[in-house]
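A.B. asks: I'd like to ask some things about the structure below.
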Amino acid sequence: MKQLIKKLKIGSVELKNNLALAPMAGITNAAFRSLCIEGGAGFVVSEMVSAESIRYGNKKTLQLLELYPSEHPIAIQLFGSDPESMALAAKEAEKLGADIIDINAGCPVRKVLRSGSGAALMKEPGILEDIIKKTVKAVKIPVTVKIRSGLTAKEVISPGLAVLIEGAGASAITLHGRAAADLHSGPPDYEAFAGTAAAVKIPVFGNGGVRAAADAARILETGCAGVAIGRAAAGNPAVFAEVAEGLGGGGMLPYSSPFTGEGEGGGTAHNVTRSPAEKIKLFMRFLELNAALYGPESGVVRARKLVGYWLKGFPHSSALRASFMAARALPEANALLLQYLSNSKK
């Protein structure tokens, strides 16, 4: 059987495996990314950050660039349509510790498209090429690009774009295997994965619909070098370990206690705990990290976007979710979660 889980390099950056955390707005902050690195991700990507806001020193935007020592290797994803602003923002991200700069040329959100950014760059290949070239020249770290298979499902343009991206100096590509018009619905286009991976020599990470090892295997078997996982990680940072285990690569991935129930570094992917109790304890740890990042009140409020993912499928979780949405501080949130654990043991 072909080894699907393997070590990989993006430019000069060495990855322990070929599984990546995909960027998700409001979710993939420093606290969450740290847990995903512990959970087996080869590298993680920040939520997308506005290059223009960085250029003009917006404090809230600069906070998105805050990195933890435990979350490397980390790619900061930038979006914008002005090559000079993108290059300047990349320099700032590099200065603050980014290992990789990722250019967003795939976001289908209307507000982003109206600015000429995200997936709008796919229909402006000249601008996209200029952005990549200027960004590559501005930094010493690798530059990657995220794209979609096309703007509509009728026209797959990712293979041709991949050739342009490679020629402009990018070190890797992440391909969301759906058209921009399809957002996150429908199955990914496996022919687009295959055609795009075959068109270039740099690594292509396939993204879209990966929930388990079988989904990852199907993408990797198209010729993609790696897989980027988004929504499945939102409620389970150990999904990377589970996928690696399912593909026969579990022995590569050491874990710390939140995922194994053992001592620091003691255990491998087959020991990953999936019980509600362990996931609740891990969520409480996420809340502590989030509170350290944003403050005890704001950290809990910001976690509301994740709680639905994290508790999905738990017994009697709807009431807990409703109570959590009203919690406004860390002690209150922790008390709710501990009470749920206590009740679930009865």
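A.B. asks: Residues that are surrounded by fewer than 17 Cβ atoms within 10 Å (Cβ to Cβ): list the helices (runs of 4 or more DSSP H) wholly contained in the stretch 1-66 that include at least 2 such residues.
C.D. replies: Passing ranges, in order: 59-63.
A.B. asks: Can you give me the number of residues within the stretch 67-79 that are assigned to a loop (DSSP other than H, G, I, E, B) and either more than 14 Å from the chain's Cα centre (by Cα) or modelled with pLDDT under 90 (or both)?
C.D. replies: Adding up the residues that qualify gives 2.
A.B. asks: May I pose another question? When you check GLU47 against the structure, is it closer than 20 Å to LYS146 by Cα and touching a Ser or Thr at 6+ places or on another chain (Cβ under 7 Å), yes or no?
C.D. replies: yes
A.B. asks: If you check ALA98 against the conditions, is it out of contact with any strand residue (DSSP E or B) (no Cβ under 7 Å at 6 or more places or on another chain), assigned by TED's automatic domain parsing to the domain that holds LEU19 and under 24 Å from GLY26 (Cα atoms)?
C.D. replies: So ALA98 fails the test.
A.B. asks: Residue by residue through the stretch 152-188, note down the ones that are of a type in the set (A, V, I, L, M), under 22 Å from the mean Cα position of the chain (by Cα) and crowded, with 19+ Cβ neighbours inside 10 Å.
C.D. replies: Those that are of a type in the set (A, V, I, L, M), under 22 Å from the mean Cα position of the chain (by Cα) and crowded, with 19+ Cβ neighbours inside 10 Å: LEU161, ALA162, ILE165, ALA170, ALA172, ILE173, LEU175, ALA179, ALA180.
A.B. asks: Something else about it: Which helices (runs of 4 or more DSSP H) sit wholly inside the stretch 219-300 and have at least 2 residues that are at pLDDT below 75 and either in contact with a His (Cβ under 9 Å, 6 or more places away or on another chain) or closer than 30 Å to GLY195 by Cβ (or both)?
C.D. replies: In the stretch 219-300, no matching helices (runs of 4 or more DSSP H) lie anywhere.
A.B. asks: Considering the stretch 88-112 alone, what residues qualify as being more than 21 Å from ALA162 (Cβ to Cβ) and out of contact with any Gly (no Cβ under 8 Å at 6 or more places or on another chain)?
C.D. replies: Within the stretch 88-112, LEU88, LYS91, GLU92, ALA93, GLU94, LYS95, LEU96, GLY97, ALA98, ASP99, ARG110, LYS111 meet the criteria.
A.B. asks: Looking only at residues that are at pLDDT below 85 and among the hydroxyl-bearing types (Ser, Thr, Tyr) in the stretch 318-346, which one is nearest to ALA234 (Cα to Cα)?
C.D. replies: Per the stated criteria, the residue is SER344.
The values are calculated or read from the model by the stated rules, or taken from the named source; none is laboratory data. Computed from a predicted model, the values in this text were never measured in an experiment. Counting neighbours? That spans all protein chains shown, and the Cβs are built from the backbone with ideal geometry, glycine included.
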